[in-house]
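No value in this document is a laboratory result; all are computed from the given coordinates. Everything quoted here is computed from the prediction, not taken from an experiment. Here the Cβ is made from the backbone with ideal geometry for all residues, glycine too, and neighbour counts use every protein chain on show.
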Amino acid sequence: MKKWLLMSGAIAIIGSIYIFIPAKLTISKTIIGNCSIAAANRYFSDTSKWIKWWPQNTEGIFTSAGRDTSFIHNGYAYKITGVFYNNVRICIQCTDDCNINSNLRIVQLSKDSVLIGWECNLPTGNNPLKKIIAYRHRKEIEENMEAIMKSFASFIEEPANIYGVNFHQTLSKDSTLVTLTGVTTAYPTTAYIYQLIDSLKKYITSQGAKEINYPMLNVSKLNDTQFKTMVAISVNKALEGNNKIIIKRFVPWKMIEGDVHGGTHSVDKAFEQLFNFRDDNHISIMAIPFQSLITDRSKEQDTTKWITKVCAPIS
């Protein structure tokens, strides 16, 4: 009698395993990231950049060249097997004999948000024990998916991660500018730039006015042999100007701005990224972008210590 009860109980348990654990388990997770689709895609479709946002753990990250790149997270290996438009195919390796094909996708929700989704089907087989093991893997895979996608979303939501500069929108309070322009046959030297700035400072002092912000700078290439340098300083009152110094008046305007550390090359790279930020966020620049010279470059010779604010007025 007891044997029959044990057998009946075992049959019931096995039966319930077959009933509640189907032959295939569907695993699907989604998360929202607050970032434009164009910006997010730079770190999604280019899998060589995944190392920048992949969640770190004590196991580390293991990569190899090309599409055979693999990453490790919580004991699972994630091997990239295909990269398509807004879709990356990943083979999730649970154990030596458990490989699951999955799709990680990204789609646009709005101009500044994306939906990140990851899905796969996990076969459970016919063996009751393997079904239980597969069911345990399901929970771990879901948790890993969520952790990996959250790591990606957190990364792309920080402009400094995407662009190397923490760009943000602000409102300029500069309403009156004194400006001076010069033309040179080579890129202007620091000495030349501050010669123009010093001319503005002397004029401002002579007119009984006060500077109310850092000097502004814009350098543009006119042709193969000429560069135009424009400097400007914001002042606290309206002035008349003269035959060289031009006065410009503005109502307060919106700006994109971000701080950059480094010399001319770093500033040029920051402007490239500023234009990427503009395009990614569908922003219109309404006037000439410029540098705000926070560091007095005429006094600081070490360019690595220069701080420059790159700015662009927007509509």
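Quickly work out the residue 161-to-residue 226 label distance, labels modelled 7 Å from Cα along the C-beta direction, and quote it in nm with one decimal.
Placing both labels 7 Å beyond Cα along the Cβ direction yields 4.7 nm.
For residue 170 and residue 247, what is the calculated FRET efficiency with R₀ set at 35 Å and r taken between the beta-carbons, to the nearest 0.05?
On the way: r = 24 Å, r/R0 = 0.68.
The calculated FRET efficiency here is 0.90.
Listing 261, 137 from the residue with the fewest other Cβ atoms within 10 Å to the one with the most, what is the order?
Ordered by Cβ neighbours within 10 Å, fewest first: 261, 137.
Counting other beta carbons within 10 Å of each residue's own, what order do 278, 249, 136 fall into, fewest first? Walk me through the numbers on the way to the answer.
Details: 278 17, 249 8, 136 11.
Least to most surrounded, the residues fall as 249, 136, 278.
Return 170, 69 ranked ascending by Cβ neighbour count within 10 Å, so the fewest neighbours appear first.
Starting with the residue having the fewest Cβ neighbours, the order is 170, 69.
So for the pair residue 42, residue 83, with labels modelled 7 Å out along Cα→Cβ, what separation do we get in nm?
Going by the 7 Å Cα→Cβ label model, 1.5 nm.
Taking 25 Å as the cut-off for C-alpha to C-alpha distance, list the pairs among 52/150; 111/248; 49/79 that go past it. Could you put the intermediate results ahead of the total?
Details: 52/150 14 Å; 111/248 34 Å; 49/79 15 Å.
Distance filter (> 25 Å) returns 111/248.
Report the label-to-label distance for residue 112 and residue 187 in nanometres (one decimal), using points 7 Å from each Cα along the Cα→Cβ vector.
3.4
Going Cα to Cα from residue 237, which aspartates and glutamates come in below 18 Å? Please leave out same-chain ones fewer than 8 positions away.
174, 211
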